Amino acid sequence: MKALFQAGKGFSWVVFWAATALVAGCATMGGHNVKVALSGDQEVPPATTSASGSGTIAIASDKSVSGSVTTTGVEGMAAHIHVGSPGKNGPVIIPLTKSGDNGWSVPAGAKLTDAQYDSFKAGDLYVNVHSAKYKGGEIRGQLKP
C-alpha cells in the first residue's frame, strides 16, 4: 500500500477516496429485496380465482420503495401496496402504476414513513391487484422481510 502512495501521490489519493466512498455507499444501500407471490386465497375474504402474480419489491434502508409485479389471468383495474397483517385488510399506502398489459410498478420516488417501515419489518404490508369482479382485490401477496 505504501508503494501505491509513493508511486503517484495524487492518483493514489483519488483511488483511495473513491474506494472509500464506494464501500461507504454499499454499506448504506442495505435493504430488502422481497419476492412476492400473489394469489386469490391470500385475499380477505379469499377470492375464487385462477389468477396469480409474482414480483419483487425492494425496500431500501432509507425507506425508499421500488419494484414491480406481473400478473396472469386477471384484468387488473388497480394495484396497491397496503398496510395490513395477514388475514386483515388495510389502507393503501402506495398506488402502483400500470406498466403494460399485466405489469404494475412502484412509482419513482415512493417512500415509506417510519410507521409504515415498522409495519413492513413486522410483515404487515401486502400487494394486491383489484379487478372488476373483485373490487376489493382479486390477488394478494404479503411482503415478508
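What follows is calculated from the coordinates using simple rules that are stated; it is not laboratory data. Since the structure is predicted, the reported quantities are computational estimates derived from the model, not experimental observations. No Cβ is skipped: glycine too gets one built from the backbone with ideal geometry, and neighbour counts run over all protein chains shown.
Just a few scattered comments:
- Rough spin-label spacing in nm, given labels placed 7 Å along Cα→Cβ, for Lys144 and Asp101: 3.2
- Taking amide H positions as modeled 1.01 Å from N, with prolines and chain starts lacking one, the residues under 5 Å from Ile81 and 5 or more places away or on another chain are Ile93, Ile94, Leu96.
- Each Lys or Arg adds one and each Asp or Glu subtracts one; over the other residues with Cβ under 15 Å from the Cβ of Ala51, this totals -2.
- Amide H contacts under 5 Å for Lys111: Val65, restricted to partners 5 or more places along the chain or on a different chain, H placed in the peptide plane at 1.01 Å from N.
- Stretching the chain fully between Lys88 and Asp114 yields a gain of 7.3 nm (0.36 nm per residue, less the alpha carbon separation).
- Burial ordering of Val83, Val106, Val69, Val44, fewest other beta-carbon atoms within 10 Å first: Val44, Val83, Val106, Val69
- Debye, to nearest 20: dipole size of region 30-143, +1 on Lys, Arg Cβ, -1 on Asp, Glu Cβ: 60
- Translational diffusion of region 30-143, µm² s⁻¹ [Kirkwood Rh, Cα pairs; Stokes-Einstein; 20 °C; 1.002 mPa s]: 157
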